[in-house]
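Following: one structure in structure tokens, then a few remarks.
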Amino acid sequence: MKASLAWLRALCPALADEPVPQLAERLAALGFPVDDAAPLGDPLADIRVARVVEAGRHPNADRLSLCRVDVGGDELVDVVCGAPNVRAGALYPYIPVGGVLPGGMKIRKAKIRGETSYGMLCSAKELGLGVDHSGILELRTDAPVGSSFVDAYGLAGDVRLDVEVTANRGDMLSHYGIAREVAPTGGVVALPEIPGATPVAFEWTRGAERAVVDGVEVSIDRPDLCRRFLGAVVRGVTVGPSPDWLQAKLRAIGARPINNVVDATNYVLFELGQPTHAYDLDRLKGGVIGARCAREGEPVRTLDEVDRTLESDMLVIADGEGVVNVAGIMGDAVSAVSDTTTDLFIECAHFEPRQVRRTKKRLGIQSDAGYRYERWVDPEGQEQALRRLLEILIATTGGTLHPVVADVCPEPWVAPEVALRPIRVNHLLGIPFEASTIIELLTPLGFRVASGGEDSLTVTVPGWRAYDVTREVDLIEEVARRHGFEAFPETRGGERGNTVPDHPLFQLEDRVRDHLVGAGFFEAQTPAFVPEAEGEVRLSNPLSREEPVLRRDLVPSLLRRLERNLAHGVRDVRLFELATSFTLPEPGERPAEEPRLAVVMTGARAPEHWSAPSAAIDLWDLKALAASVLGRVWAGAARVSPHPEPVDGWDPGACFALFADDQKVGVAGRVDPACLDLPRWAGEVFALELTLPASPSPAPVVTARPLPAFPGVERDVALLVPHAVSAGAVLDLARGAGKRLLIGVDIFDLYDGDELPEGVRSIAYRFRFRSPERTLTDEEVERAFRSILARLQEEAGVQVRG
């Protein structure tokens, strides 16, 4: 929100002596940081008011003018100008040779097509007062020639504030709203007088569905989308340039003046935050205007000269023949005010925010009005805004207001009430607040506070805050803001710990997070919105056209983060994410959500060190990680096995399936290089994605066991294992056959040579036996060892080598 300091001070004179840094600091403390505070007068100190005495064609250029300019002090200079609107007798901002424009450009004497130019006549864009650079800024002022442009234009001492406003605070998108928020205690916020204006007098004609004003019927067909519609008629207007004071107000915030009618509506928009719209009354057909939904495929050409096709759920303002306004967003080009307009119909309405936001996005329209309507406009502010607009229009256009104004309101606004318990305020904020203190903090913001019974307050929410203050906790937040976050103690008093445990899934995620962080991984958080090829759950209102669906898998999002790191020269990348995947079981059904873990990694196995060469991460590092994570996540039998069939995006020769109780719960492996955009020097990329149980078992209780008191016995053996039998299957069979005496079994060698029988390889296993009760005899160990070997031969065809 661009705000003029002079405008704020006119609304709240109590701000007149407050330094800009202090005001910016107070706004930031209230939740509205000031991104920039640009003095408007300082960069324009070299600009003077000048009069063009003569304006003729440049002798050597068709599109240039050679002007004789009076710069004051009986001094006339020649200036070459390229703007088409320069004319003799008019006043313009002039910068002499040696002057500096905003932005640092220094003006020098220059010869242009054979004629010397001594200085420059300036446009609004060159002065930093708007975006219009199509012509020189013509001044309408009584200031003498040669006087300061800053003084003549009312910019002396003014500062343009760029205030950051959160999406829930539409009331702060106006000067009145900002002044109300920062007004000091006892400071009065009131509308300043309009030069040359007098209070307007009229009567209301009110109706629940329709009302008539000066022969025009005003109606609302969709009261759920249009809460209120005010309409007034002003006849006999003269459309032309706005007076200097109005232009200066708009230019001070970077807006471009257009004409006295449009400028008046923009003035009210930026002052009060209430959008309004002016129609050429003679171009409204059928003597009717009202709010209704568009017909499917109904066309409209908006003010930006774009032809648009409307849908049946879009609210519009229509006359007897068609659409004249996309409600709350932008008017049409046909009914727009022009230089020939003499009679006006004025609209001031309140529209439902969600439908404005939805229509804006579908049609791709950005407008100041839509930006405010989609964030909520004060439903109690229409009458004040309409009166303000009518005063300005009559003062600047010379028109006459019809003595009756229409007010169509199907259901009058009722301010919501919210119960607030002081004890709840104390509990959430951690420090005591008396009821009287709460009232003192809320009342300046427009909240009306009354006693609601024992230990409770009843708070009536003002219209401008009714969209974001709906609960008790919202009011408590307001108490904290007004008290000042810096005023809270740095440490809180004693408190009782929470005895309610976290959900088992959250506990599991914490355990997995700790394990992976301990293994050198960084947690990432990526958006759930992905390109269309990566999901099937379509968003009804996507943030961008490139990402219209919710992701089916997490790994592709993490791989994009890995690619970005490699593109920035980061060679060793280890990332993981705990998030949700979305799938669509059947068309029309609710999307299914699964909690998942995804891991990606590439680069060195360990940080580089002079003591040993650094080895790269390989497939076995991934398998070890998958086995350790799988064992922590899923209770029961967990195993990592070669994937039985190729999987898109994974290297078919290096892909594992992750099982828990014989149910596939994930996949891990080397990512297919064809699916990645990597530098040439990048190494292999490995990934893992694992579904988490929706209701995991509680974490195992850690128990202490005494160290073994008796020695163990080891047996090494080389086994001929068929290629069809995995080494892991042999381990599982051995553990099952060894019963309580077998405490461990590991692989320590692998051999696969020509001298071995066909179809087998040699794997060396080490078996460890121990009893917690006594020292085992050789006979006991041998009996258990032989039992294991017999089980392996019987069920897997495994034989002892040699």
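The values are calculated or read from the model by the stated rules, or taken from the named source; none is laboratory data. For clarity, every value in this text was computed on a predicted model and none was experimentally measured. Note: ideal-geometry Cβ built from the backbone for every residue, glycine included; neighbour counts use all protein chains shown. Side chains included, ligands, DNA and RNA excluded: accessible areas come from the protein's heavy atoms. Shrake-Rupley method; radii C 1.70, N 1.55, O 1.52, S 1.80 Å.
Kindly state, as a whole number, the per residue volume in cubic angstrom of the convex hull around the alpha carbon atoms of the stretch 507-578.
Here the figure is 102 Å³ per residue.
So if we plug the beta-carbon distance of R108 and D313 into 1/(1 + (r/R0)^6) with R0 = 45 Å, what FRET efficiency do we get, rounded to 0.05?
Approximately 0.15, to the nearest 0.05.
Charges on Cβ only, +1 for Lys and Arg, -1 for Asp and Glu, centred on the Cα centroid of the chain; of A637, F767, L441, which one is farthest towards the dipole's positive end?
F767
Once a ≥ b ≥ c are taken as the square roots of the eigenvalues of the Cα gyration tensor of the stretch 463-542, is the result rounded (a/c under 1.5), prolate (a/b larger than b/c) or oblate (a/b not larger than b/c)?
oblate
Just subtract the alpha-carbon distance of L191 and R605 from 0.36 nm times their residue separation and send over the number in nm, one decimal.
Additional length available on full extension: 142.1 nm.
Give the residues of the stretch 152-195 whose amide nitrogen is closer than 18 Å to a point set 7 Å from the Cα of T470 in the direction of its Cβ.
Once the point is set 7 Å along Cα→Cβ of T470, 167-171 turn out to lie under 18 Å by backbone N, inside the stretch 152-195.
Hey, got a sec? Which trypsin sites (Lys or Arg not before Pro) in the stretch 642-722 land in a DSSP loop and have at most 16 other Cβ atoms within 10 Å?
R680
Which value, in Å² and to the nearest 10, is the accessible area of S312 when all protein chains are kept and the probe is 1.4 Å?
60 Å²
Work out, step by step, the length gained on full extension between T437 and H568: first 0.36 nm times the residue separation, then minus their alpha carbon distance; give nm to one decimal.
Full extension of this stretch gives 41.8 nm more.
To two decimal places, what compactness ratio does the stretch 289-420 give when its Cα radius of gyration is scaled by 2.2 N^0.38 Å?
Against the compact-globule rule of thumb, the ratio is 1.15.
Once you have all Cα-Cα distances for the stretch 528-652, histogram them in 10 Å bins from zero and send the whole-percent values.
Pairs per bin, as whole percents: 11, 30, 35, 19, 5, 1, 0.
Going by accessible area, probe 1.4 Å, with all protein chains left in place, what is the ranking of H515, H609, largest first?
The residues order as H609, H515, largest area first.
Testing the spin-label approximation: label points 7 Å from Cα along Cα→Cβ at D224 and L731. State their distance in nm.
It is 6.1 nm.
Quick one: helix 382-397 against the long Cα principal axis of the chain, what's the angle to the nearest 10°, folded into 0 to 90?
It works out to around 40 degrees.
In degrees between 0 and 90, to the nearest 10, how far off the longest principal axis of the chain does helix 353-363 point, with axes built from Cα atoms?
90 degrees
Just the number, please: Stokes-Einstein D of the stretch 624-749 in µm²/s, Kirkwood Rh from C-alpha pairs, 37 °C, 0.692 mPa s.
185 µm²/s
Testing the spin-label approximation: label points 7 Å from Cα along Cα→Cβ at R590 and S540. State their distance in nm.
Simple spin-label model gives 1.4 nm for this pair.
Let me check against my output: what whole-number percent is the relative contact order of the stretch 667-731, with C-alpha pairs under 8 Å and at least 6 apart?
After rounding, I find 25 percent.
What figure in square angstrom, to the nearest 10, would you give for the accessible area of L173 with a 1.4 Å probe?
Its heavy atoms expose roughly 10 Å² to the probe.
Could you tell me the relative contact order of the chain? Use alpha-carbon pairs under 8 Å, at least six residues apart, and round to a whole percent.
The normalised contact order for the chain reaches 8 percent.
For a test of the definition: using alpha carbon positions, the gyration tensor, and the 1.5 limit on a/c, classify the stretch 464-620 as rounded, prolate or oblate.
oblate
With N residues in the stretch 1-96, what two-decimal value do you get for its Cα radius of gyration over 2.2 N^0.38 Å?
Relative to the rule-of-thumb radius for its length, the stretch 1-96 sits at 1.66.
Give me the percent of the accessible area of the chain that comes from carbon and sulfur atoms, probe 1.4 Å, all protein chains in place.
Answer for the chain: carbon and sulfur cover 50 percent of the accessible area.
Calculate, for the chain, the solvent-accessible area per residue in square angstrom, rolling a 1.4 angstrom probe over the heavy atoms of the protein chains.
For the chain, the per-residue accessible area is 50 Å².
I want the local charge near S174. Using Cβ-Cβ distances under 12 Å, sum +1 for each Lys or Arg and -1 for each Asp or Glu among the other residues.
Its environment carries a net charge of +1.
What is the sum of charges, Lys and Arg at +1 and Asp and Glu at -1, for the other residues whose Cβ falls under 12 Å from the Cβ of R768?
Net of charged neighbours comes to +1.
What does the C-alpha gyration tensor say about the overall shape of the stretch 116-194? Classify as rounded when a/c is under 1.5, otherwise prolate if a/b is larger than b/c, or oblate.
Judged from the Cα gyration tensor, the stretch 116-194 comes out prolate (a/c at least 1.5, a/b above b/c).
How much FRET efficiency would the formula 1/(1 + (r/R0)^6) give for A167 and E782, where r is the Cβ-Cβ distance and R0 is 56 Å, rounded to 0.05?
Taking R0 as 56 Å, the efficiency between A167 and E782 is 0.15.
What are the semi-axes of the equivalent ellipsoid of the stretch 295-373, taken as the square roots of 5 times the eigenvalues of the Cα gyration tensor, listed largest first and rounded to whole Å?
20, 15, 12
Return the lysines within reach of K106: Cα separation strictly under 20 angstrom, same-chain partners fewer than 8 residues apart disregarded; answer none if there are no such residues.
The reachable lysines, counting only those whose Cα sits under 20 Å from K106, are K125.
What net charge do the residues around R560 carry, taking every other residue with its C-beta under 12 Å from that of R560, with Lys and Arg at +1 and Asp and Glu at -1?
Counting the neighbours of R560, the net charge comes to -2.
Aspartates and glutamates within cross-link reach of K360: Cα-Cα under 13 Å, excluding same-chain residues under 8 positions apart?
E311, D313, E352, D368, E374
Could you give the angle, 0 to 90 degrees to the nearest 10, between helix 472-483's Cα long axis and the longest principal axis of the Cα atoms of the chain?
Here the helix axis deviates by roughly 70 degrees.
Please work out how much accessible surface F506 shows to a 1.4 Å probe, ignoring ligands, DNA and RNA, in Å² rounded to 10.
Counting only protein heavy atoms, F506 exposes about 110 Å² to solvent.
Would you please name the GluC sites (Glu not before Pro) within the stretch 261-369 that are DSSP coil residues with at most 13 other C-beta atoms within 10 Å of their C-beta?
Answer by residue number: E296, E305, E321.
Which residues does a label at V800 reach in the stretch 703-727, if reach means a backbone N under 15 Å from a point 7 Å past the Cα toward the Cβ?
714-721
Under a cut-off of 13 Å between alpha-carbon atoms, report the aspartates and glutamates in cross-link reach of K285, not counting same-chain residues fewer than 8 places apart.
By straight Cα distance, K285 reaches E217, D319, E321.
Would you calculate, for the chain, the mean residue ellipticity at 222 nm contributed by helices, counting each DSSP H stretch of 4 or more residues as -39,500 (n - 2.57) and dividing by all residues, to the nearest 500?
My calculation for the chain gives -7000 deg cm²/dmol from helical runs alone.
Could you calculate the FRET efficiency of D78 with K361 from 1/(1 + (r/R0)^6), where r is the beta carbon distance between them and R0 is 60 Å, rounded to 0.05?
The computed FRET efficiency comes out at 0.70.
What is the projected area of the convex hull of the Cα atoms of the stretch 339-480, averaged over all directions, in nm²?
12.6 nm²
Could you give the alpha-carbon Rg of the stretch 49-189 over 2.2 N^0.38 Å, rounded to two decimals?
Computed over Cα atoms of the stretch 49-189, the ratio equals 1.36.
Which one is right for this structure if Rg/Rh (Cα atoms, Kirkwood Rh) is calculated from it: [x] 0.99; [y] 1.02; [z] 1.13?
It is the one labelled [z].
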